[in-house]
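Notes follow once the structure below has been shown.
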Amino acid sequence: VYITVLLISIPNSVGTSIYVYENFMPALDALMIIGQVSWQCIHGLPAFIYLALNQSIRNLTLRALRLSK
């Protein structure tokens, strides 16, 4: 559970920190790109993390897709 929470909260922390920084200071283009990629990870990555690390969710998903008996 700790690893799952850590992997989900890191992109949240990075993305929100960069967007708060951009509101008060001029940001470099590279920093804005990192913020955008982090924002995309916040919305898409948790599903893959749950599938990879949570066996019960993985088993239910495989059964729903009829890929497992």
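The values are calculated or read from the model by the stated rules, or taken from the named source; none is laboratory data. Because the structure is a prediction, the values reported are computed rather than measured. Virtual Cβ from ideal backbone geometry, glycine too; neighbours counted across all protein chains shown. To get the accessible areas, we keep the full protein, side chains included, count just its heavy atoms, and leave off ligands, DNA and RNA. Shrake-Rupley method; radii C 1.70, N 1.55, O 1.52, S 1.80 Å.
Of all residues in region 49-59, those satisfying the criterion of being surrounded by 11 or more Cβ atoms within 10 Å (Cβ to Cβ) and part of a helix (DSSP H, G or I) are Ile49, Tyr50, Leu51, Ala52, Leu53, Ile57, Arg58, Asn59.
Run down Leu62, Leu67, Leu28 and say which single residue is of a type outside the set (Val, Ile, Thr) and open to solvent by less than 90 Å² (accessible area, probe 1.4 Å). Break it down into steps so the answer makes sense when it comes.
Numbers: Leu67 fails: open to solvent by less than 90 Å² (accessible area, probe 1.4 Å); Leu28 fails: open to solvent by less than 90 Å² (accessible area, probe 1.4 Å).
So the residue among Leu62, Leu67, Leu28 that is of a type outside the set (Val, Ile, Thr) and open to solvent by less than 90 Å² (accessible area, probe 1.4 Å) is Leu62.
Could you tell me which of the residues Leu67, Leu6 is in a helix (DSSP H, G or I) and either touching a residue at least 60 places away in the same chain (Cβ under 8 Å) or out of contact with any helix residue (DSSP H, G or I) (no Cβ under 8 Å at 6 or more places or on another chain) (or both)? Outline the logic, then answer.
Details: Leu67 fails: in a helix (DSSP H, G or I).
Being in a helix (DSSP H, G or I) and either touching a residue at least 60 places away in the same chain (Cβ under 8 Å) or out of contact with any helix residue (DSSP H, G or I) (no Cβ under 8 Å at 6 or more places or on another chain) (or both) holds for just one of Leu67, Leu6, which is Leu6.
Criterion first (open to solvent by 70 Å² or more (accessible area, probe 1.4 Å), more than 8 Å from the chain's Cα centre (by Cα) and of a type in the set (Val, Ile, Thr)) does Ile33 satisfy it? In short, yes. What is the residue count in region 17-28 for residues that are more than 14 Å from Gln40 (Cβ to Cβ) and either acidic (Asp, Glu) or part of a helix (DSSP H, G or I) (or both)? Here the count works out to 6.
Taken as a whole, region 7-22 holds at least one residue that is small (Gly, Ala, Ser), at pLDDT below 90 and open to solvent by less than 80 Å² (accessible area, probe 1.4 Å).
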